[in-house]
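Quick notes on the structure that follows.
The values are calculated or read from the model by the stated rules, or taken from the named source; none is laboratory data. As the structure is a computational prediction, the values presented were derived from the model and not from experiment. Ideal geometry is used to build each Cβ from the backbone, glycine not excepted, and the neighbour counts take in all protein chains shown. Heavy atoms of the whole protein, side chains included, go into the accessibility calculation; ligands, DNA and RNA do not. Shrake-Rupley method; radii C 1.70, N 1.55, O 1.52, S 1.80 Å.
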Amino acid sequence: MHCSISGEVPGEPVVSKRSGLLYEKRLIERHISEYGKCPITGEPITMDDVVPVETGKIVKPRTVQTASIPGMLGMFQNEWDGLMLSNFALEQQLHTARQELSHALYQHDAACRVIARLKKERDEARSLLAQAERQTPMFTSEAVTANASVLSNGKRAAKDDDLGQPGKRVRPGISASIISELTDCNAALSQQRKKRQVPPTLAPIDALERYTQLSSHPLHRTSKPGILSIDIQYSKDIIATGGADATAVIFDRPSGQIASALSGHSKKVTSVKFVAEGEFFLTGSADKSELALLYLVQGNLANPHRISLPSSHLYTVRVWQGSEDGNYDCRHILKDHTAEVQAVTVHATNNYFVTASLDNTWCFYDLSSGLCLTQVADTSKTDGYTSAAFHPDGLILGTGTSEAVVKIWDVKSQANVAKFEGHVGPVTAISFSENGYFLATAAHDSVKLWDLRKLKNFRTLNLYDSDTPTNSGVCFYGDTFPCVYVYAFMASGNILLAIVPMTFKLLCSRVGNLVLQQYACIFILLWEDVIFFFIIAVEFDHSGSYLGISGSDIRVYQVGSVKADWNCIKTLPDLSGTGRATCVKFGPESKYIAVGSMDHNLRIFGLPEDGAPLEP
């Protein structure tokens, strides 16, 4: 029997009393609840008219499709087709989902790039705004004078007369809170220095006596060779070099690889300096260089006179910030000097730094904001600063000038508290000992050691004899003299000249017709290519136990005392072939010495390990 509604064998059969038809109970219940009549006859009917039918528990008969093999094969075929269609639909959905995911990832990457670019543009805009704010304010008195410059006949004065000499920018100055911070740092470091002892891991003297060249690394371009400055970040053992090729290079010494090459300066990088704590890095340069005339009268090098052509260029210092991937981004471009920046030095708080320039000023900066808090001009007639360094305690600043004078400044008051004289030629390097008592200064004539407690020179190290050449160049007489003079400056202060054929005159610059005085030599050089007459660097190691000096060679001295001798314990040759080792720096615990010369190679000197190959 089959259900009158579904046509299938009912699982729970019932019979209508009125029509006698057989139904599936659940189907007839639903129909009666909705319509209240018989689905076949249309007569009214209720559930009281339906009687259940008792049947035996037997196995349901198979359907016609499963009763034969062809029917089962057809059923299986239908199931397989349905499964394949379902799988195809899933594959299409997966492909669509992958495309949507790829598009979303692409949009996310593009958004990240746009955000990074916008952040960079924002930082650059902030930096430019800060520079504009620093450059805009001028002396009020000058503005009043310019506005009031009206002549008696009612006509305004000429524009050049209105402006007068360029005004000094208004600086916020070093506030009382900053002075308090500097004083607290000085007190803490002075207290620590009294308890400090030479570390037991410091390289001993017998080890330094066996130092030799371990490696040589070509970090800079050969077209403009020359490493002018070196600094080392001891915590990471990475070395920074500033080159004449206008780039600064960050070198990872343990791996022997260049970690980053910083470009952005247009002229030589004269000074590089790490900030001991944090990821900041500073570079000073000779950007916006100008033409200069150098006069040497009667071969006397004691007081060379330089005349600079007028220029409104601003010379730059850059503040770089390192990232996790080892790259450095330029955070600030500081344009507060009007002549070449010669030195950058960081304060012991690692929050401030000072730049010294040939414009005869030094600037005190806040590191985080890049703001110049004060710019100190020297009222005496000097040709500018050639070197600078902070005292280890941070309240004293030492500067070397191109007129052979060393000046000591009180940072809090910006007052010149002491002067050291006695050098011949520009003071090219200055270094304070870690003990806080000794100061080493270098010029072409010698290295002088000063006692800061008594403010006097207690020892002079004459490195070279009078016949040792320390620098050379090219010059010529007038327009018609058929010879070119090749000169070499000697340690004695004399000039050694050689005459070469006129064809070499192409190496020189021509500036009009020059009238020469008798016995006078005029040297015409591009100022951007002049390093100094005599290149000598001096540097104490971090413990204050050794003193390194570079010039025609590299020498290491054992630090003594005011009365005890300072003995030369090692002399390393300048392997660059230029005869000009421009900078020297001791590595952590003096385990190695980094040297830069006027070629493009950074050289590492140290104690060779057992079995390690040495470079020739």
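Any idea how many residues of region 104-150 are farther than 30 Å from Phe364 by Cα, at pLDDT below 50 and surrounded by 10 or more Cβ atoms within 10 Å (Cβ to Cβ)?
Result for region 104-150: 2.
Cβ-Cβ under 6 Å, sequence separation 6+ or interchain: first residue in region 561-577 and farther than 16 Å from Thr460 by Cβ and basic (Lys, Arg), partner open to solvent by less than 50 Å² (accessible area, probe 1.4 Å) and outside any loop (DSSP other than H, G, I, E, B). Which pairs?
Close Cβ pairs (under 6 Å, with a partner that is open to solvent by less than 50 Å² (accessible area, probe 1.4 Å) and outside any loop (DSSP other than H, G, I, E, B)) amount to Lys570/Leu208; Lys570/Val556.
What's the number of the condition Asp541 fails, among (1) of a type in the set (D, E, K, R); (2) modelled with pLDDT of 50 or more; (3) open to solvent by 40 Å² or more (accessible area, probe 1.4 Å)?
Status for Asp541: all satisfied but (3).
Pairs under 6 Å by beta carbon, first residue under 30 Å from Ala244 (Cβ atoms) in region 194-220, partner β-branched (Val, Ile, Thr), six or more apart or different chains?
Close Cβ pairs (under 6 Å, with a partner that is β-branched (Val, Ile, Thr)) amount to Leu208/Val556; Leu208/Ile569; Leu214/Ile604; Ser215/Ile604; Leu219/Thr241; Leu219/Val249.
Quick one: Val559 ticks every box in (1) over 30 Å from the mean Cα position of the chain (by Cα); (2) at pLDDT below 90; (3) crowded, with 20+ Cβ neighbours inside 10 Å except a single one, so which number is it?
The one condition Val559 does not meet is (2).
Report, ordered by the first and then the second residue, all pairs with beta carbons closer than 7 Å, sequence separation of six or more or different chains, a first member in region 409-422 that is at pLDDT 90 or above and assigned to a strand (DSSP E or B), and a second member that is open to solvent by 10 Å² or more (accessible area, probe 1.4 Å) and among the acidic types (Asp, Glu).
Val417/Asp410
Given Thr270, Thr241, which one is part of a strand (DSSP E or B), open to solvent by less than 10 Å² (accessible area, probe 1.4 Å) and in contact with a Gly (Cβ under 8 Å, 6 or more places away or on another chain)?
Among Thr270, Thr241, only Thr241 is part of a strand (DSSP E or B), open to solvent by less than 10 Å² (accessible area, probe 1.4 Å) and in contact with a Gly (Cβ under 8 Å, 6 or more places away or on another chain).
Taking region 349-388, which residues are open to solvent by 10 Å² or more (accessible area, probe 1.4 Å), part of a strand (DSSP E or B) and of a type in the set (Val, Ile, Thr)?
Residues satisfying the conditions are Thr361, Thr374, Val376.
With Ser323, Ser263, Ser289 as the choices, which residue is under 29 Å from Leu219 (Cα atoms), modelled with pLDDT under 90 and touching a helix residue (DSSP H, G or I) at 6+ places or on another chain (Cβ under 6 Å)?
After applying the criteria, what remains is Ser289.
Could you list all residues from region 432-459 that are polar (S, T, N, Q), modelled with pLDDT of 90 or more and either in contact with a Pro (Cβ under 9 Å, 6 or more places away or on another chain) or open to solvent by 10 Å² or more (accessible area, probe 1.4 Å) (or both)?
Passing the criteria: Ser433, Asn457.
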